[in-house]
Amino acid sequence: MRQHLTLLTAASVAAAAVLATLPAIAQNTDVIEKRQQLMKNNGRSAKAASQMLKGEVAFDPAKGMEIFRTIQADNQEFRTLFPDDSKTGNDTEASPAIWEKKDAFAQANDKIEADAAAAIAANPQTLDEFKVAFGKVAANCKGCHEQFRVDK
Amino acid sequence: MRLRTLSITGLLLVLAGAALFYVLTMPQRLDAAAIAPEDSGDVARGETMFWAGGCVSCHAPSKATGEDQLKLGGGDPLVTDFGTFHAPNISPDPTDGIGAWSLADFANAMQRGVAPDGSHLYPAFPYTSYVKMKPQDVADLYAFMKTLPPVSGKAPANELSFPFNIRRGLGLWKLAFMDDGDPIVPLTADTKDPVHRGRYLVEGPGHCGQCHSPRTLFGAGGIDTSRWLAGAPNPEGEGMIPNITPGSKEVGAWSADELAEYFATGFTPEFDSVGGRMVDVQENLAKLSDADRQAIAAYLKAVPPQP
């Protein structure tokens, strides 16, 4: 009987020890939420661009430049939000490939920032110019999602 | 004496089993009447079938763009639970590709999964959908593919685990799971024409159900048509291939115009973008006509909703 009690105590202590370590492996949901918010911002930027391209909203060169600057700034922050403790949680759709292929992920981020910078430098003044510049930036969406997002 | 009788009986049973396996797994080719005349293909119409069928997604390297997409020497490895498939060279190279194939050879591969030498092709090649293609469309596709640049060099052999590596055994798989040419979703005669065209493109050449529908036999069987387009586990690993019926929580809310816009641009109504393997598919769909994208969208709004 005493032996059973000792075993039970040992098991309880072990269980408590395991529970105590859980917070240490809990995921960093703050950065995951931040990532998700920045992606929503990108969606808003794309929507604003699309409305001008379709003629639903009048084209405004200043608005166009603002879209490119927002995408550029958001991405500069976005790429810093993938610490090793943010692989799961909060329904993240981040693919394990982000951490497995860090160089390729960095290149994909460099590319959208370079394309956004080129669009800003081009400073499109007509709808046709804006269409070309935005098309190059927007191609990065699926270019990156092809490899680095998992649909759930 | 008794031992000898047993041995002979055992031997006869093994031979009978082998004979039965041989007969059941014999290649079943198309009737000659189900193949269009050899030189009847139209190159321009064939190009539409080529993009609808998405040949480049598996038979060209994934990073290929522009003219390089038309070099069909074989694509990236397709890594699945059964092992790794390597899509073969289907360029018109006469030795390494399919340049020496007749239209009948091509049609039997496309619609029966049978190679010219009588061996079975793996259903990673979606012949269970292509079986629904019209003979003339197969001939048109054949004519178009003859115009592509020949590529030399064979793709590597598949690396599959037992028992999937026994090609002959695919004859049994086909007996159980080979589809026929009939449509999956019944439509009445008064259904609008775009829906009929969309059904043909989705169920036949587009082979959408190969990934968007679950399979029977723990993923190794045929398409579960009772759950047509209801979504399924990603055959290449993590995540899900989404439900694309009107019952889908996400895609179900999209209008036909929004679906067609997604096929053309890769942007969802909320301006999220296409991702994963669907990127290749969307870029193929972008090469179809507006009318065909609208037809596919109209059909997707007409299929039975799935939860």
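Here are the numbers:
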| item | result |
| --- | --- |
| Residues of the range B:225-234 classified as away from every other protein chain (no Cβ under 13 Å), surrounded by 14 or more Cβ atoms within 10 Å (Cβ to Cβ) and more than 17 Å from the chain's Cα centre (by Cα), total | 2 |
| Residues of the range B:3-59 satisfying the condition of being open to solvent by 90 Å² or more (accessible area, probe 1.4 Å) and either under 27 Å from B:Arg277 (Cβ atoms) or among the acidic types (Asp, Glu) (or both) | B:Asp31, B:Asp39, B:Arg45 |
| Test: residue in the range A:96-110 that is without any contact (Cβ under 8 Å) to a residue 24 or more places away in the chain, under 22 Å from B:Glu238 (Cβ atoms) and of a type in the set (A, V, I, L, M, F, W, C) | yes |
| Qualifying residue in the range B:53-68 (condition: assigned to a loop (DSSP other than H, G, I, E, B) and basic (Lys, Arg)) | yes |
| Qualifying residues in the range A:41-56 (those that are under 14 Å from A:Cys141 (Cα atoms) and among the basic types (Lys, Arg)) - the one nearest to the other protein chains (Cβ to nearest Cβ) | A:Lys47 |
| Top-ranked residue of the range A:81-110 - restricted to ones that are in contact with a helix residue (DSSP H, G or I) (Cβ under 6 Å, 6 or more places away or on another chain) and of a type outside the set (S, T, N, Q), ranked as modelled with the lowest pLDDT | A:Gly89 |
| Every pair of residues 6+ apart whose Cβ atoms lie under 6 Å, when the first sits in the range B:113-139 and is in contact (Cβ under 8 Å) with a residue 12 or more places away in the chain and among the aromatic types (Phe, Trp, Tyr) while the second is open to solvent by less than 20 Å² (accessible area, probe 1.4 Å) and part of a loop (DSSP other than H, G, I, E, B) | B:Tyr127/B:Gly113 |
| Filtered residue count, the range A:123-136, keeping only those that are part of a helix (DSSP H, G or I) and either touching a strand residue (DSSP E or B) at 6+ places or on another chain (Cβ under 6 Å) or open to solvent by 60 Å² or more (accessible area, probe 1.4 Å) (or both) | 6 |
| Residue that is away from chain B (no Cβ under 14 Å) and surrounded by fewer than 17 Cβ atoms within 10 Å (Cβ to Cβ), where the choices are A:Ala114, A:Ala139, A:Ala97 | A:Ala114 |
| Cβ pairs under 9 Å, 6+ apart, first in the range B:12-39 and more than 13 Å from B:Arg168 (Cβ to Cβ), second assigned to a loop (DSSP other than H, G, I, E, B) | B:Gln28/B:Met178; B:Arg29/B:Gly118; B:Ala34/B:Gly181; B:Ala36/B:Lys134; B:Glu38/B:Ser102 |
| The range B:206-219, residues that are assigned to a loop (DSSP other than H, G, I, E, B) and open to solvent by 30 Å² or more (accessible area, probe 1.4 Å) | B:His207, B:Cys208, B:Thr216 |
| Enumeration of residues in the range B:235-245 that are within 11 Å of another protein chain (Cβ to nearest Cβ) and either open to solvent by 40 Å² or more (accessible area, probe 1.4 Å) or among the aromatic types (Phe, Trp, Tyr) (or both) | B:Glu236, B:Gly237, B:Glu238, B:Met240, B:Pro242 |
| Residue that is surrounded by the fewest Cβ atoms within 10 Å (Cβ to Cβ) [pool: residues in the range A:81-94 that are of a type in the set (Asp, Glu) and away from every other protein chain (no Cβ under 14 Å)] | A:Asp84 |
| Flag for B:Gly74 being on the phi > 0 side of the Ramachandran plot and either surrounded by 22 or more Cβ atoms within 10 Å (Cβ to Cβ) or charged (D, E, K, R) (or both) | yes |
| Unmet criterion (only one of (1) part of a loop (DSSP other than H, G, I, E, B); (2) of a type in the set (Ser, Thr, Tyr); (3) in the same structural domain as B:Glu283 (by TED's automatic domain parsing)) for B:Thr188 | (3) |
| Failed criterion for B:Asp137 (all others in (1) acidic (Asp, Glu); (2) within 19 Å of B:Val43 (Cα to Cα); (3) surrounded by fewer than 20 Cβ atoms within 10 Å (Cβ to Cβ) hold) | (3) |
| Any hit, the range B:251-273, residues being open to solvent by 20 Å² or more (accessible area, probe 1.4 Å), of a type outside the set (Gly, Ala, Ser), away from every other protein chain (no Cβ under 14 Å) and assigned to a loop (DSSP other than H, G, I, E, B) | no |
| Given (1) surrounded by 15 or more Cβ atoms within 10 Å (Cβ to Cβ); (2) in a helix (DSSP H, G or I); (3) more than 12 Å from every other protein chain (Cβ to nearest Cβ); (4) within 14 Å of the chain's Cα centre (by Cα), number of the condition A:Ile120 does not satisfy | (4) |
| Extreme residue, nearest to B:Ala297 (Cα to Cα), among residues of the range B:159-185 that are open to solvent by less than 60 Å² (accessible area, probe 1.4 Å) and in a loop (DSSP other than H, G, I, E, B) | B:Val185 |
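The values are calculated or read from the model by the stated rules, or taken from the named source; none is laboratory data. All values reported here derive from a predicted model rather than from experimental measurement. We place every Cβ from the backbone using ideal geometry, glycine too, and count neighbours over all the protein chains shown. These accessible areas exclude ligands, DNA and RNA; they are computed on the full protein's heavy atoms, side chains included. Shrake-Rupley method; radii C 1.70, N 1.55, O 1.52, S 1.80 Å.
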